[in-house]
């Protein structure tokens, strides 16, 4: 049973990896399982991760709504790392959309968390 939980909890990593590798179709089934699980645990952090994953698989015109909803849910639970991971994705998206001033806030928020946690590669990613 413990392996099932590990596999379930790693789904957001799998989704992001699949998207970054150019194979988003590989994430659909694991995300569906994760979403069912998140619905059963009814925790804001799990719902936030579902939104983040859906954003990664959705069209850009849906990005802002997914990111802002996920960040609001992250604010409710205090899981700093997941907040920062969502914030860095949102900041990167804003930067690609040439909304650099808005991106700066989210990237800075993410950077502060990553640095506090000693996550150098993530800190470098937040710096751009």
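The values are calculated or read from the model by the stated rules, or taken from the named source; none is laboratory data. Just so it is clear, the structure is predicted and the values come from calculations on it, not from any experiment. Please note: Cβ atoms are built from the backbone with ideal geometry, for glycine as well, and neighbour counts cover all protein chains shown.
Observations
- Annotation: of all residues in region 50-63 being more than 10 Å from the chain's Cα centre (by Cα) and in contact (Cβ under 8 Å) with a residue 12 or more places away in the chain, the one that is surrounded by the fewest Cβ atoms within 10 Å (Cβ to Cβ) is 60.
- The residues listed here are 21, 70; of these, the one that is free of Cβ contacts under 8 Å to residues at least 24 places away in the same chain and surrounded by fewer than 16 Cβ atoms within 10 Å (Cβ to Cβ) is 21.
Residues are listed down the side, and each one gets a yes or a no for (1) closer than 20 Å to residue 123 by Cβ; (2) assigned to a helix (DSSP H, G or I); (3) modelled with pLDDT of 95 or more:
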site: 5; (1), (2), (3): no, yes, no
site: 28; (1), (2), (3): no, yes, no
site: 62; (1), (2), (3): no, yes, no
site: 70; (1), (2), (3): no, yes, yes
site: 88; (1), (2), (3): yes, yes, yes
site: 93; (1), (2), (3): yes, yes, yes
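- Complete set of residues in region 91-102 that are over 17 Å from residue 56 (Cα atoms) and in contact with a helix residue (DSSP H, G or I) (Cβ under 8 Å, 6 or more places away or on another chain): 100, 102
Residue-by-condition table, conditions (1) closer than 18 Å to residue 13 by Cα; (2) surrounded by 13 or more Cβ atoms within 10 Å (Cβ to Cβ):
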position	(1), (2)
82	yes, yes
89	yes, yes
106	no, yes
109	no, yes
118	no, no
121	yes, no
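- Residues in region 80-90 include none that are without any contact (Cβ under 8 Å) to a residue 24 or more places away in the chain and out of contact with any helix residue (DSSP H, G or I) (no Cβ under 6 Å at 6 or more places or on another chain).
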